[in-house]
Structures are given as C-alpha cells and as structure tokens.
Amino acid sequence: MSTPAMPRPSRDEHAVLDQRRFHRRPERAARRRDHRRLRRSEARAGAARDRRGRVGAESHGLRRRHSDLGVGTGGTRFARFPGPGEPRNVFEKIDDCAVIQQLARATPTISPHIPWDKVDDYAALREKAATHGLAFDAVNSNTFQDQPGQELSYKFGSLSHTDARVRAQAIAHNIECIEIGRKLGSKALTVWIADGSNFAGQSNLTKALDRYIDAMREIVAALPADWRVFLEHKLYEPAFYSTVISDWGTSFAVAQELGPKAHCLVDLGHHAPNVNIEQVVARLVRFGKLAGFHFNDSKYGDDDLDSGSVEPFRLFLVFNELIDAERRKAKGFAPAYMIDQSHNVTDPIESLMQSAIELQRAYAQALIVDRAALEAAQEANDALGAHLELKRAFTTDVSPLLAIARLRAGGAIAPIAAYRASGYRAQKARERPAIAGTSAGIV
C-alpha cells in the first residue's frame, strides 16, 4: 500500500513559537508511520476512504474556547502551589492562550472572567488578542466571592440574597459584564452563582429561587438583541445543604421563564455522581435550551480534571448526542464549547492542549458512528447490536487523523512535545517572577 504525500504545514502569521524545528525529517517519518497506522486501523474498522477525509475536516472544525484563568495554576480549598512563569495579568494570559492555539489549532477564542480580567483599555485588550489571531467569547460574571473595595458581601448569597441592596449590586455587576463583553466582541454572558445554604431551615428554598429569577429578569432585559445568557447549575459547593440552581431541571425551568435568550450550560463536573449526562444533553437539545459546555473530567465531584482523563467513554457519548442533533438539524442547536479546568499538578498549557485533543478525539469518533446501522439496531430493539455500533467508533484510533488535521492547519503533530522543545515555560519563568507563594484558594 503506497503512502500518500504528507501535507506541508501552513504558515502562521500569528505564531508565538518558531515551529520550523517541529517539522524536521524524524517528524516527517513519524507522520508517515502514523498515516500508515491510520489506514490499517480504518481498514479494520471498515471506514470508507472518502469518510476519512470528511471526518478529518469536520473534527478540525470543532472549535472550543478556553477560560483564560485556566492558563494559571489551579488549586483546592486547602492550598495553591504557583508554577513557574505563571501569567500575572490578562495580557500575559493571552500570550499563553496564543501558544495553545498555535500548536493545537483548536481554541481560537477566550472566555474572560470579570472582575479578574478587568482592564482600563478594552480596545487594547481586544487588539492584543487579535494580534495572536484570537477573539473573545462568553463573558463570565463573578458574584461568588467578595472583591477588594466591594461595598456589600456575598457571604450569604448574591442574586438570591435576602437583602435587596446585595441583589442590586450583583445585578449591576452582571450588567457591567455585558458592557465589557460588547467592547470585546462577545455575544454571551455566563452566570454561575454560589448561592445556597449549609443548614436545614437557613433559607426559604422557594423564596430564594424567586429572588434569583427576578434578578435574572433584569439582567436578561439588559442583554443586546443578539446576545444569549448561559445559566450554569451546580449540585453543591460551596453550599452543602442546598444550592439555588442545583441541577439541570432547575436551570431548564428558570430558562423557560426567562425566555428565548436564556439557555442552560452543562459543566460535566456539576452533577450528582453517576448522572447520565448525555441524557441531560439530549433533553436540553430536544427543548432548544442547550447553551453549551464547560468541559472537564471528574472522579468524585467538581474535580475540574483534564477532559477525557477519567471518563473518555462518557465524553464520547456526550458528543454522540451532539452529532445526532447536528445531523437532525435540531432547532436552535448552536452549542458553545469551553474548557473549564483547574490544573493543580501539571503545566496548564500542556493540560489545555491535551484536553483540546481529547475533545476533538471524542468528536471525531462520534462522527464515524454508522448512524444508519445504529438506528436500525435501535428500531429492532437489538440492545447489544446498538451498543457495539458505538463501541466500534469509540475504539477506533483517530489520533493520526487528528495529527494530520493539526498539521494542515499550521499546528504541531505532537503539540506537547513541540511545546516542551520550545523552552517556552523556562523563558516565561525568567520573564515572569513569582508574585506570591503558597496560598489557599481555587484561582
């Protein structure tokens, strides 16, 4: 079997790293080996040759945004251990995001958090991103912690607080986020609140939800005509007895009341253990209320581990529902994708690149599911046959296909190896001296 000519990497005018070293002869030989391996794998899986090109192109078409806070070292409520060369401000975060996009070719937009990423000149911030070929997506508000100089505390809630003055402060902050987003070219606002209670009887569960809905109505009224608001639910933490927006059902009910601009965001770690997340996705698609995702992975709770590191099959099943909705042309289907993780023991840039690859892997595998065969098995009530159709796609190795897609887009065959070879982290460690030692907190 002959080996097709390998594509040349495209030139990137926004490049941060010199990639010439990544395309030398050993790498070309490795690419040829990968391509031969892909051909053998697809032959075993019975994939048609024309499908291979289509899947490669479509999987590369999946675009995610990443939270710019993700390029800094994460932590837990117990401690945070800063890493070398951490970005000290949003402009340095953009530099790191540009490296991720340059090598992995999957994350062209950034989702800023306010007030962490507030600046005096948003035109300059937008221009900085544009020089790296990046843009801004949904803006995230923050009423889950008090900020320096804040007049009223969110200790006992924000948008659902018993004190109307606190609610007004939280509403004003969200409206400010909308104005900032307009300056950055965003089209959506993500709202997650930590409001809840830690003791039975502490809060009137119905009144708290009513206050939240009333506050959100004011925020929705301030949205530009072409904007959406993403409601993010979470089962618990920091509240451990009750949380105001605790599950997808509550989020969906509120989105229904708020109208067509309100949609439900799914964070893969914000559910009860063993919840069928792919079914949640299917339900929200069915009712036209799926906003999109905060991708991460978990073992126990809201662990914010790297996507695909613990439950890759679950991730594939989520994308299986998304491809099904895409193929059916489900009404209002336009999900936003964001990587939202906490990198406690890894280099954040490496984790974000690997997570982007895992998401594209799941997407590509979902693309090669034989939809006709799957539907036939389902209609015939062939339980095992239907399951095996999914497993055939899930066990197909699409790694070489994704590598070729990255190369054709100007990225790296092996993004993490290329990043390590570049010496970027060591360079930034010299340029960005640490500004704080070990501390508690998650950001």
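Each residue of region 410-423 was assigned a 3J(HN,Hα) from its phi angle through the Karplus expression (A = 6.51, B = -1.76, C = 1.60, θ = phi - 60°), giving x, x, 9, 4, 10, x, 5, 4, 5, 5, 5, 5, 6, x Hz with x at Gly and Pro.
Restricting region 121-226 to GluC sites (Glu not before Pro) that sit in a DSSP loop and have at most 13 other Cβ atoms within 10 Å of their own Cβ leaves GLU151. The eigenvalues of the Cα gyration tensor, multiplied by 5 and square-rooted, give region 297-443 an equivalent ellipsoid with semi-axes of 36, 19, 14 Å from largest to smallest. Kirkwood radius for region 169-223, taken over all pairs of different Cα atoms as the inverse mean of 1/r, rounds to 12.7 Å. The portion of the accessible surface of region 98-174 made up by carbon and sulfur, rounded to a whole percent, is 51 (1.4 Å probe; DNA, RNA and ligands excluded). Annotation: amide H of TYR337 within the under-5 Å range of ARG65, PHE293, sequence separation 5 or more or interchain, hydrogens built in the peptide plane. Relative protection proxy for 410-418, 141-149, from highest mean packing down: 410-418, 141-149 (other beta-carbon atoms within 10 angstrom). Think of region 226-342 as a dipole: +1 on every Lys or Arg Cβ, -1 on every Asp or Glu Cβ, centred on the Cα centre; then among SER242, LEU265, LEU284, LEU284 lies furthest on the positive end. The Cα center of region 79-113 and the Cα center of region 286-360 differ in position by 19 Å. For region 307-323, the residues whose backbone nitrogen is under 19 Å from a point 7 Å from the Cα of SER399, taken along Cα to Cβ, are 307-316. With each label modelled as a point 7 angstrom along the Cα→C-beta vector, the PHE240-ARG371 pair spans 4.7 nm.
Using only C-alpha positions, report the orientation-averaged shadow area of the convex hull of region 96-166, nm², one decimal. So the Cα hull casts an average projection of 6.3 nm². Loop-resident chymotrypsin sites (Phe, Trp or Tyr not before Pro) (DSSP state other than H, G, I, E or B) in region 258-332 with no more than 12 further Cβ atoms inside 10 Å of their Cβ: TYR300.
Over region 197-304, the Kirkwood radius and the radius of gyration, each from Cα atoms, give a ratio Rg/Rh of 0.97.
Measure up LYS187/LYS289; LYS187/LYS261; LYS128/LYS261 against 19 Å on the Cα-Cα distance and list the ones that go over. Correct reply: LYS128/LYS261. Shown in residue order for region 123-135 are the 3J(HN,Hα) couplings computed by the Karplus curve 6.51 cos²θ - 1.76 cosθ + 1.60 at θ = phi - 60°: 5, 5, 5, 5, 5, 4, 4, 4, 5, 9, x, 10, 9 Hz (x for Gly and Pro).
The values are calculated or read from the model by the stated rules, or taken from the named source; none is laboratory data. These numbers come from a predicted model, not from an experiment. All Cβ positions, glycine included, derive from the backbone under ideal geometry; neighbour counts span all protein chains shown. Side chains are part of the model used for accessible areas, which takes the heavy atoms of the whole protein and leaves out ligands, DNA and RNA. Shrake-Rupley method; radii C 1.70, N 1.55, O 1.52, S 1.80 Å.
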